[in-house]
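Inspection log for the structure reproduced underneath, given as structure tokens.
The numbers here are math on the coordinates, done by the rules we state, and not lab data. No experiment lies behind these values; they were computed from the predicted model shown. Methodologically, a virtual Cβ is constructed for each residue, glycine included, from the backbone with ideal geometry; neighbour enumeration extends over all protein chains shown.
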Amino acid sequence: MRKRLIESEKMELVSHLASSVSHEVRNPLTVVKGFLQMMNQNDIPFEKRKEYLALSLSEVDRANQIIGEYLAFAKPQLAKIEGIDIKEVLEHTIHVITPLANMNSVVITKNFETCLIKSNKQLLQQCFLNITKNSIEAMPNGGFLSIFTKKKDDKFVITISDTGVGMSEEQIKRLGEPYYSTKGEKGTGLGMVTVFRIFSDLNCTVKINSKPDNGTTFIIEMPL
Ligand code: ADP
Ligand code: MG
């Protein structure tokens, strides 16, 4: 289905990364700097100050996310496989993306079972963050992000769906192509590359259902 990048292509991509990463991270840093300067004024009302702080924090998260996306792509690490509870990983994901969801008026619904599997917490975390961040970004005027889990035979199934803009078949096919992004300046086009690589390394399968204007569903199956 999706061709693996051959080594020379990969090297070329990695050399682009160093220059892209500084450019990408500069945007959120500029925004944070602006808010900090505004907060430095004496006559700012408390509510405004809180709002600037919240926005600054989510921009810092964004800078962090961008670096994470690039690093995981440029420098794959040997994943430490250990016993983890998927429920904890998902709860943490929700904790991290809630500010972004609030900014976009996205309501998160969830229903998780505890499930112990052998995997890598950081890498899974990164995948869930990339997927849910895309979901929220697909709902600029609000909507619902729902995440639920269930056990099915010898698999643990995680379903992440949004009520966002959705994708055409052509767009779905291009998912995971390096630098493919419909977000212009705001996108890196590396999130899904990372997601597919990590899931494949962790023996997880990903299915995507999506239709324009009808939202998107990611179904992730992991071996128990
Ligand atoms: P980026 O988010 O930086 O654009 P990604 O690799 O994360 O890069 O995603 C690539 C593209 O896939 C996005 O630009 C978007 O067009 C599409 N996409 C991914 N997830 C969704 C989603 N849940 N709903 C609609 N489009 C999506
Ligand atoms: Mg993304």
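Once the Cα atoms of helix 46-74 and of the chain are each reduced to a long axis, what angle between those two axes, in degrees from 0 to 90 to the nearest 10, is obtained?
The answer is roughly 40 degrees.
For the residues Asp154, Asp61, Asp43, what sequence is obtained by ranking on other C-beta atoms within 10 Å, fewest first?
On the way: Asp154 8, Asp61 17, Asp43 5.
Final ranking by Cβ density, sparse to dense: Asp43, Asp154, Asp61.
Can you pull the Kirkwood radius for the stretch 164-224, inverse mean 1/r over Cα pairs, to one decimal in Å? Working shown, then result.
Numbers: mean 1/r = 0.0807 Å⁻¹.
Result for the stretch 164-224 stands at 12.4 Å.
From Cα pairs below 8 angstrom and at least 6 apart in sequence, can you work out the relative contact order of the stretch 89-224, rounded to a whole percent?
Values: 240 pairs, mean separation 34.6, N = 136.
About 25 percent, as a whole number.
Taking a threshold of 31 Å on the Cα-Cα distance, which of the pairs Lys48/Lys183; Lys151/Lys186; Lys80/Lys155; Lys110/Lys183; Lys80/Lys211; Lys133/Lys173 fall above it?
Details: Lys48/Lys183 29 Å; Lys151/Lys186 36 Å; Lys80/Lys155 21 Å; Lys110/Lys183 27 Å; Lys80/Lys211 36 Å; Lys133/Lys173 19 Å.
Flagged as over cut-off: Lys151/Lys186; Lys80/Lys211.
Per the Kirkwood definition applied to all pairs of different Cα atoms, how many angstroms is the hydrodynamic radius of the stretch 91-175? Don't skip to the answer; put the middle values down first.
Details: mean 1/r = 0.0720 Å⁻¹.
Here the Kirkwood hydrodynamic radius works out to 13.9 Å.
To the nearest 10 degrees, how steeply does helix 121-137 sit against the main Cα axis of the chain, on a 0 to 90 scale?
Helix 121-137 sits at roughly 60 degrees to that axis.
Can you put Ser22, Ser146 in order of Cβ neighbours within 10 angstrom, beginning with the fewest?
On the way: Ser22 10, Ser146 17.
Final ranking by Cβ density, sparse to dense: Ser22, Ser146.
Treat the count of other C-beta atoms within 10 Å as a stand-in for reagent exposure and order Lys133, Lys150, Lys80 from fewest to most. Provide the component values of the computation, followed by the final result.
Numbers: Lys133 20, Lys150 13, Lys80 10.
In order of increasing Cβ crowding within 10 Å: Lys80, Lys150, Lys133.
Using only alpha carbon positions, build the gyration tensor of the chain, then give the equivalent ellipsoid semi-axes as the square roots of 5 times its eigenvalues, largest first, whole angstrom.
Numbers: eigenvalues 168, 99, 64 Å².
Whole-Å semi-axes of the equivalent ellipsoid: 29, 22, 18.
Tell me, what is a quarter of the convex hull surface for the C-alpha atoms of the stretch 112-162, in nm² with one decimal?
On the way: hull surface 15.5 nm².
Result: 3.9 nm².
Quick check: the angle from helix 86-103's long axis to the longest principal axis of the chain, C-alpha only, nearest 10 degrees?
40
Per the helix-only calculation at 222 nm, which mean residue ellipticity applies to the chain, given -39500 (n - 2.57) for every DSSP H run of n ≥ 4 and division by its residues, nearest 500 deg cm²/dmol?
Values: 6 runs with 114 residues, N = 224.
After summing the helix terms and dividing by residue count, I get -17500 deg cm²/dmol.
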